[in-house]
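None of the figures in this text is laboratory data; all of them are computed from the coordinates on show. Everything numeric here is computed off the predicted structure, so don't read it as measured data. Glycine gets a Cβ as well: all are built from the backbone with ideal geometry, and neighbour counts include every protein chain shown.
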Amino acid sequence: MPMNEDKIRQRWYGSGKVNWWHRLGAKFFTFVVVTRMKFYALGLFKTHQLKVPVIVVGNITAGGGGKTPMVIWLANHLKSMGYKPGIISRGYGGKRKVEPMFVTANASPVATGDEALLMAKKTQLPVMVGKDRVKAAKTLIQNYPVNVLVADDGLQHLALGRDAEIVMLDAKWRTGNHMMIPAGPLREPLERLNSVDLVVFKGFIEQQHHYEFTIESIHQLNHVNVFKDVADFRNKKVVAMAGTANPDSFFSLLSTAGMAIIKQPLPDHYKISAADFEPHQDTLVLITEKDAVKCENMNLSHVWVVKMEVVMSEKTNLALTELIERVMS
């Protein structure tokens with residue numbers, strides 16, 4: 001992890017010092033955020049209501065909180081309940097000449113962004129990316145027979161009307177020091193949680209809505225039918241690489257499975273290349289599915305992809321099902 005990112009994480013989630021200029025910046029940021037929310041509430045800024053219900057999945061903290069796995073799980077759950085969902089996303093990290101852009105399972109992550117491509121692959125549903133979420137949503141509705149939309153990271157995109165809001169939080173980091181950016185990790189005041197429909201934690205928290213990860217399978221990079229068992233990675237030198245907002249979740253999953261891993265965290269949305277694997281040619285390397293979508297042209301037999309399964313708690317599964325039924329009624 002780069003030093004500046006480590007300092008920020010220490011300030012937000014640890015014992016790092018919060019200086020007066022951080023507090024001043026946080027006050028200004030709070031003023032801007034609250035004023036913007038009031039303008040939307042008063043109708044001074046327009047909120048666009050769509051022809052189909054919209055379920056927003058987002059967070060009030062900077063960085064990852066488990067949104068992408070929740071979007072994938074929710075979209076697949078909607079499909080299993082007989083609905084026809086579509087997904088909209090900003091497509092963070094993608095560089096596109098066309099806005100919005102439809103994401104196919106064989107699209108380039110350079111254009112779509114890694115998370116949107118992963119959503120398309122793991123749901124086989126219509127996915128549209130665009131900086132203007134309203135335009136992306138309308139384009140998707142016009143071109144595909146969807147009857148509900150799941151909006152990835154749409155909590156702060158207030159121009160997009162919504163019928164339900166799900167907020168994700170990391171069970172380890174939660175809301176950190178409870179302060180707004182840049183003093184803390186909050187993108188919105190903590191009171192915002194009182195107005196959302198459901199708060200779900202990534203990671204176990206007793207008596208709270210949550211989901212956990214389990215290892216579904218491990219396959220060779222770009223050879224989805226070539227598998228290894230978890231036991232094949234125990235008692236061996238294994239490098240674990242993760243270009244996610246919170247790579248500790250991935251590392252912890254592997255450690256819990258009995259692997260003695262060498263951790264190599266990468267920046268979120270890092271454009272991984274073959275050169276990143278060269279120092280580990282004689283070592284087994286494990287990567288996330290999110291990173292794997294950026295490695296599709298690489299033929300590296302020592303690199304293996306960990307396919308993770310979301311295990312939703314029974315209480316949370318029921319709450320999400322009831323939320324869907326209410327939204328779709």
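What the table below lists for this structure:
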| item | result |
| --- | --- |
| Neighbour-limited loop hits for GluC sites (Glu not before Pro), segment 228-329 (at most 16 other Cβ within 10 Å; DSSP other than H, G, I, E, B) | Glu296 |
| Net charge, Thr214 excluded, C-beta distance under 11 Å - Lys, Arg +1, Asp, Glu -1 | -2 |
| Residue-by-residue Karplus 3J(HN,Hα) for segment 50-66, coefficients 6.51, -1.76, 1.60, Hz, glycine and proline x | 9, 7, 10, x, 10, 10, 8, 10, x, 8, 9, 10, 6, x, x, x, x |
| Cβ-Cβ FRET estimate between Asp132 and Ser329, R0 fixed at 45 Å, reported to 0.05 | 0.95 |
| Separation of the Ala62 and Ser108 label points, Cα + 7 Å toward Cβ, nm | 3.1 |
| Integer Hz, Karplus 6.51/-1.76/1.60 couplings in order for segment 284-291, x for Gly and Pro | 5, 10, 10, 10, 7, 5, 4, 6 |
| Cα→Cβ-extended label distance, 7 Å offset, between Gln124 and Asn194, nm | 4.6 |
| Segment Glu99-Glu206, extension gain: residue separation times 0.36 nm, minus the distance between their alpha carbons | 34.3 nm |
| Summed residue charge, Cβ within 13 Å of Ala242's Cβ, Lys/Arg positive, Asp/Glu negative | -3 |
| Extension reserve of the Met37-Glu322 stretch, reckoned as 0.36 nm per residue once the Cα distance is removed | 99.8 nm |
| Structure-derived Cα extents along the principal axes in Å: which label, when the choices are (1) 52, 49, 34; (2) 61, 52, 44; (3) 67, 55, 35 | (2) |
| Amide H contacts under 5 Å for Glu216, placed H, 5+ residues apart | Lys307, Met308, Glu309 |
| Of the trypsin sites (Lys or Arg not before Pro) in segment 224-273, those whose Cβ has at most 16 other Cβ within 10 Å and which sit in DSSP loop | Arg234, Lys236, Lys237, Lys271 |
| Under 14 Å from the His302 label point (7 Å along Cα→beta-carbon), backbone N, segment 242-285 | 262, 274-285 |
| Simple spin-label estimate for Ala260 and Glu309 in nanometres, 7 Å along Cα-Cβ | 2.9 |
| Other-chain or far-sequence residues with amide H under 5 Å of Leu286's (modelled H) | Val239, Ala240, Met241, Trp304 |
| Top of Phe28, Phe233, Phe213 by mean-square fluctuation, Gaussian network on the chain, Cα under 10 Å | Phe28 |
| Helix-only mean residue ellipticity at 222 nm for the chain, each DSSP H run of n ≥ 4 adding -39500 (n - 2.57), per residue, nearest 500 | -9000 deg cm²/dmol |
| Segment His223-Ala159, length gained on full extension (0.36 nm per residue, minus Cα span) | 18.9 nm |
| For segment 309-329 and segment 206-245, distance of Cα centres in Å | 25 |
| The chain, relative contact order in percent, only Cα pairs under 8 angstrom and at least six apart counted | 20 |
| Distance from segment 1-71 to segment 98-165 (C-alpha centre basis), Å | 20 |
